[in-house]
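First the structure, in the form of structure tokens, and then the observations on it.
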Amino acid sequence: MMFLRRVSLRRCITPATTPRSLPSLTARLSSTSPSLSNPSPQTHLQQPRITTRQLRVPRASRIPSFSGRHYSSIIEAPEFKMAPVTDPNTLSNYQDVVTQHTTVDVALDFDKSCVHGNATLKLKVVKDIDEVVLDTSYLDISKVLVNGSEAQWKLVDRMEPYGSALKISTKGQAGSSIDVTIHYSTTDKCTALQWMDPAQTSNKKYPYMFSQCQAIHARSLLPCQDTPGVKSTFDISIRSPYTVVASGLPRGAEEFAAGTLAYKFHQSIPIPSYLFAVASGDIAAASVGPRSMVYSGPEELLKCKQELEGDVEKFIEIAEKLIYPYPWTTYNVLILPPSFPYGGMENPNITFATPTIISGDKSNVDVIAHELAHSWSGNLVSNASWEHFWLNEGWTTYIERRIQAALHGPQYFDFSAIIGWKAFKESVELLGADHEFTKMVVDLKGQDPDEAFSSIPYEKGFNFLYYIDKLIGREKWDTFIPHYFKTFHQKSLSSYDFKDCLLNFFASDAATSEKLATINWDEKFYSPGLTTPTPEFDATLVDVCYALKDCWANMAAESFSPSPSDIEGWSSGQIVVFLEAITDLPSPLSKEQVEKMRTCYGFLDSENAEILSRFLTVGLKARDEVMYKKASEALGLWGRMKFVRPLFRLLNECDRELAVETFRRNETFYHPICREAVRRDLKL
Ligand code: BES
Ligand code: ZN
């Protein structure tokens, strides 16, 4: 078997919405959708969606002045007029008034599990207004000031899944600025935060809390215009008895009082609300590169340092060559407790990451390459609404794979792309090939963006960009990449802006324009199901995995006798490919074969959650009761939805009683987002 070093482990993000949960979604749409049942003041919710066809009207007639979304930039950004899209997932009147700067001044109360204090939004009025409407979700509002004086306000009844609009009466003339200060507290229904008792942390000494705001949870942590179409700079002050990290550059801790310090941060680059982040607890830090630190619990710190040291800077330098210099000054990583529901979250200056990437063999550092890539795609250049999420994740996946190729060779780009394609295909199968959420540009009116989450925007988006890369050739494509990121630097854009930018850039290059003219944009953006044509990738690195799978599938006929040497020198990524191929066999392995695989390859003892979760899947598919217990145990150790949700679904098929008992036992361990998702999956 060939020796392969550090092949990336890839995602297999299953769709958040399974076909079984669709009826409830539809029901919610017809009963509570703001556009269908509520004559809401948010008229933008009722606007018809823009199609690329409609966008072919002359530019001057379709670009209103929308100065609030343009920011001065440190990069020479070419002038580009943008067609605004409306975000159906915010209740705020962000088309009329735009947040430019946010000051957050809050304290963490670990006894009451709440955040309290105030947020001041400096708003620029774009159109004359007589109210400011902000997003909130389960917040207790006590007082609102406009330009320092108490103002009239009301919280509108909750509108699922968007929360309660906070309406603040104030007149404002286009061109003026308003400061709105909201005194508030979060509640126990806050979906953005997880609060943990000391017993739930690794050293069991102190409590811990962390946030996860993407996609629309920021509104449960602070009142804001909770749309990626609005970007604001931030000053953050968070008072806590424990170390605080947040999504900005630290300005130090001040004002010691009653065992607490106020930790200050500044974010000078405008960011959307979903990138606001905070964590506090017993957190230590170590250097992993010239501009990078890793933060974690003190006991885990050295292991985390070893895992990331050196690689982070290499990733940054490769991305800088592909795009342009990293503008955020520092790139740090916080390794969270195991209940963190995602692999990683690209919070500016401080990526939040699951501890499952610390496997001792650097095999999961591609998650960090991905989150770092978001520093450009997503964080500097953001999707204007969650309907254009592929712009964030498709671009990021593309850059991540270019980083892998630059580090390890082009075969690694293809290896990762093949695994991604499989995840994409599976998501399409699970949702159904006609499902709205299998489109690249999705309709999210009345929907929770979290429910549309799957591999599809990642992989359909990636494959679309890769298609253009192939179509016009790498050399030309690579001149467009920095241009795209300069054009939309510190801005939010839609898929139509992407199209215009690409076509304009090559307008004077007849040969490339001719090639680009062959793209059927409507089909690319709106056709559901798999991307066509099916891409071709170099399969060298996966073929060995499939060859071993064939040996297991035809064990009797081929008198195959497994030995540990079968996988000697394999990367964990290859083991994952092998195990997933076994899972996909038309008939599952026998219990005896599972036992043989276990003793021969030692998968059950793996410290790598990617491997262990796949092997448990193989065992459960074989209906091996010994493995049910192991799966139940593992479900008490991980909170990452990528592992937890598919395993719960499968355990539920095997032994519902055990699945429900396992969920009940670990309910408080899971993050609220994960808890709700599993509850839905298990129909509890
Ligand atoms: N931004 C996402 C995580 C996310 C997406 C959170 C949507 C909430 C809503 C992050 O960049 C991501 O894609 N994480 C992946 C890791 C990656 C290597 C694909 C994950 O969590 O698995
Ligand atoms: Zn991502």
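The values are calculated or read from the model by the stated rules, or taken from the named source; none is laboratory data. Bear in mind that the values here come from a model prediction, so they are computed numbers and not experimental data. Don't worry about glycine lacking a Cβ; one is built from the backbone with ideal geometry, like all the others, and counts go over all protein chains shown. Heavy atoms of the whole protein, side chains included, go into the accessibility calculation; ligands, DNA and RNA do not. Shrake-Rupley method; radii C 1.70, N 1.55, O 1.52, S 1.80 Å.
Observations, loosely collected:
Condition check ((1) basic (Lys, Arg); (2) within 12 Å of ligand 2 (Cβ to nearest atom); (3) touching a His at 6+ places or on another chain (Cβ under 9 Å); (4) under 29 Å from residue 226 (Cα atoms)) across all residues:
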residue	(1), (2), (3), (4)
313	no, no, no, no
358	no, no, no, no
374	no, yes, no, yes
392	no, yes, yes, yes
406	no, no, no, no
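- Options 488, 480: the member that is without any contact (Cβ under 8 Å) to a residue 40 or more places away in the chain, away from ligand 2 (no atom under 16 Å from the Cβ) and open to solvent by less than 10 Å² (accessible area, probe 1.4 Å): 480
- Residues in region 191-214 that are open to solvent by 10 Å² or more (accessible area, probe 1.4 Å) and closer than 19 Å to residue 447 by Cα were compared, and the one that is nearest to ligand 1 (Cβ to nearest atom) is 214.
- Residue 451 vs. criteria at pLDDT below 95 and assigned to a helix (DSSP H, G or I): yes
- Enumeration of residues in region 508-524 that are farther than 22 Å from residue 440 by Cβ and charged (D, E, K, R): 509, 514
- Residue check for residue 450: touching a Pro at 6+ places or on another chain (Cβ under 9 Å), in contact (Cβ under 8 Å) with a residue 40 or more places away in the chain, among the charged types (D, E, K, R) and under 17 Å from residue 392 (Cα atoms): yes
- Residue match in region 321-332 (condition: closer than 26 Å to residue 453 by Cβ, open to solvent by 20 Å² or more (accessible area, probe 1.4 Å) and either within 13 Å of ligand 1 (Cβ to nearest atom) or without any contact (Cβ under 8 Å) to a residue 12 or more places away in the chain (or both)): no
- Checking 188, 226, 157 one by one, the residue that is touching a helix residue (DSSP H, G or I) at 6+ places or on another chain (Cβ under 7 Å) and part of a loop (DSSP other than H, G, I, E, B) is 226 and no other.
- Residue among 363, 339 that is touching a His at 6+ places or on another chain (Cβ under 6 Å) and away from ligand 2 (no atom under 11 Å from the Cβ): 339
- Residue within region 294-307 that is part of a loop (DSSP other than H, G, I, E, B) and either modelled with pLDDT under 95 or open to solvent by 10 Å² or more (accessible area, probe 1.4 Å) (or both) present: yes
- In this structure, residue 571 does satisfy being out of contact with any strand residue (DSSP E or B) (no Cβ under 6 Å at 6 or more places or on another chain) and buried (at least 16 other Cβ atoms within 10 Å of the Cβ).
- Exactly one residue out of 378, 360 is more than 23 Å from residue 493 (Cβ to Cβ) and either touching a residue at least 40 places away in the same chain (Cβ under 8 Å) or within 14 Å of ligand 1 (Cβ to nearest atom) (or both): that is 360.
- Entry remark, region 594-624: residues being in contact with a Ser or Thr (Cβ under 8 Å, 6 or more places away or on another chain), in a helix (DSSP H, G or I) and either in contact (Cβ under 8 Å) with a residue 40 or more places away in the chain or among the charged types (D, E, K, R) (or both) number 4 in total.
- Single residue of 538, 566 found to be touching a residue at least 60 places away in the same chain (Cβ under 8 Å), surrounded by 15 or more Cβ atoms within 10 Å (Cβ to Cβ) and farther than 30 Å from residue 471 by Cα: 566
- Test: residue in region 368-379 that is under 16 Å from residue 464 (Cβ atoms) and open to solvent by less than 10 Å² (accessible area, probe 1.4 Å): yes
- Condition check for residue 420: away from ligand 1 (no atom under 14 Å from the Cβ) and either open to solvent by 10 Å² or more (accessible area, probe 1.4 Å) or over 27 Å from residue 293 (Cα atoms) (or both): no
- Condition check for residue 270: buried (at least 22 other Cβ atoms within 10 Å of the Cβ) and assigned to a strand (DSSP E or B): yes
- Checked against (1) part of a loop (DSSP other than H, G, I, E, B); (2) over 28 Å from residue 548 (Cβ atoms); (3) open to solvent by less than 20 Å² (accessible area, probe 1.4 Å), residue 669 meets all criteria but (3).
- Which listed residue, of 663, 643, is in contact (Cβ under 8 Å) with a residue 12 or more places away in the chain and more than 24 Å from residue 359 (Cβ to Cβ): 663
- Residue check for residue 581: among the small types (Gly, Ala, Ser), within 29 Å of residue 439 (Cβ to Cβ) and either open to solvent by 20 Å² or more (accessible area, probe 1.4 Å) or part of a helix (DSSP H, G or I) (or both): yes
- Among all positions in region 313-320, there is no residue which is within 14 Å of ligand 1 (Cβ to nearest atom) and touching a Gly at 6+ places or on another chain (Cβ under 7 Å).
- Extreme residue, least open to solvent (accessible area, probe 1.4 Å), among residues of region 136-149 that are β-branched (Val, Ile, Thr) and within 30 Å of the chain's Cα centre (by Cα): 136
- The condition (being assigned to a helix (DSSP H, G or I), more than 29 Å from residue 513 (Cα to Cα) and away from ligand 1 (no atom under 12 Å from the Cβ)) is satisfied by just one residue among 480, 437, 413, 464: 437.
- Restricting attention to region 367-397, the residues that are assigned to a helix (DSSP H, G or I) and assigned by TED's automatic domain parsing to the domain that holds residue 448 total 11.
- When restricted to residues that are of a type in the set (Asp, Glu), within 18 Å of residue 150 (Cα to Cα) and surrounded by fewer than 17 Cβ atoms within 10 Å (Cβ to Cβ), region 106-135 contains 1.
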